[in-house]
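Since the structure comes first, as structure tokens, the remarks are kept for the end.
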Amino acid sequence: MKDLVQSVDMGVSQWKGVNVTRSKGWLKNEFIRVGLAEFLCTYIMMVFGLGSVAQVVTGQGAFGEYLSINLGFGLGVALGVHVGGKVSGAHMNAAVSFTMCAFGRLAWKMLPLYVFAQLLGSFLAAGTIYGVYYDAIYDYCGGNLTVNGVRATAGIFATYPAPYLSLLGGFIDQVFGTAMLLLCLIALSDQRNKPAAAGSEPVTVGLLVLLIGISLGSNSGYAINPTRDIAPRVFTAIAGWGPDVFRAGNGWWWVPLVAPPVGGVLGAGLYKALVELHHPLLPEQDEGVMEELKEETFPLEKQKNICADVCV
């Protein structure tokens, strides 16, 4: 075994003295590759995020606090970027995908694929956490699956507003939270400003999600992501919580579905209007350098930058 030296180059293992080539069975269709990657990174992010909520709720404070949930989602996002970033951009968020389409960084024809992959990943992640924590959930609530009350468990999977929050207040909350997310993501990918250091993007984006959670999360759980919220909500409706998941909070369910795309476009547009459009042109830069900067500024179009377009 000592004579065998393993090296990894672009994900293909090679052994000393043996030529290892890419299998003919590897997927070459871009749509399938992107869809599978987006599905898997969304699933990873949601498993860690929902799992952290389930642990805090069913553990009744013995296995974590609110900060644990923020850390769970933040680190889940970081790991999701590592899983799918090079292939799909690891959006994990329909508001991010919609915003990228609106600003020409992703083709509109790709939007249904991204949304479907995110919905599927979120739905299966909710089912996974339900299965893993099945005994804990039923022990905690005594077998009574409720949306409201002291032993409510629906909040493990989807977001619900605080009792004091109105629908208008909640809509503003989701618009603002998502706007901050996309504003910062666009800044982190701006090669003419101060982008995230190469290799640090997953951690940086995870810290951004953590920051939003600990500063803007108490009103309604900072969904800031339509697919993150609606897919687990549908799962809970099927799994035993019933139609109350759509009635709670005066019909809250549509707010995290509609508000985040609005906020995403506003946040990205604000950064573009106040910062990105005003970068001075450097006269010493030749056409080739300018073209390279253009490609780096539009990471999803060329699929070079991975982490600038990710979120919960």
Open item on the list: Can you give me the convex hull volume of the Cα atoms of the range 99-180, divided per residue and expressed in Å³?
Closed with: 129 Å³
- [ ] Order by neighbour count: E276, E65, E201, fewest other Cβ atoms within 10 Å first, most last.
- [x] E65, E276, E201
- [ ] Along Cα→Cβ, 7 Å out, is where each label goes; now give me the distance between the ones at E30 and Q60 in nm to one decimal.
- [x] 5.5 nm
Open item on the list: I'm a student and want to see the number: the projected area of the Cα convex hull of the range 41-84, averaged over all directions, in nm².
Closed with: 2.5 nm²
TODO: Mind putting together the pair-distance distribution for the range 221-263? All Cα pairs, 10 Å bins, whole percent per bin, short to long.
DONE: 29, 56, 14, 0
Task: Convex hull volume per residue for the range 122-224, taking Cα atoms only, in Å³ - done: 130 Å³
Open item on the list: At 10 °C and a viscosity of 1.306 mPa s, what translational diffusion coefficient does Stokes-Einstein give for the range 59-137, taking Rh as the Kirkwood radius over Cα pairs? Give it in µm²/s as a whole number.
Closed with: 109 µm²/s
TODO: Take the alpha-carbon positions of the range 193-259, form their convex hull, and give its projected area averaged over all directions (one quarter of the hull surface) in nm².
DONE: 6.3 nm²
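Any read-out appearing in this document is the output of simple, stated calculations on the displayed coordinates, not a laboratory observation. Source: prediction; values computed, not measured. For neighbour counting, all protein chains shown are included, and Cβ atoms are generated from backbone atoms with ideal geometry for every residue, glycine included.
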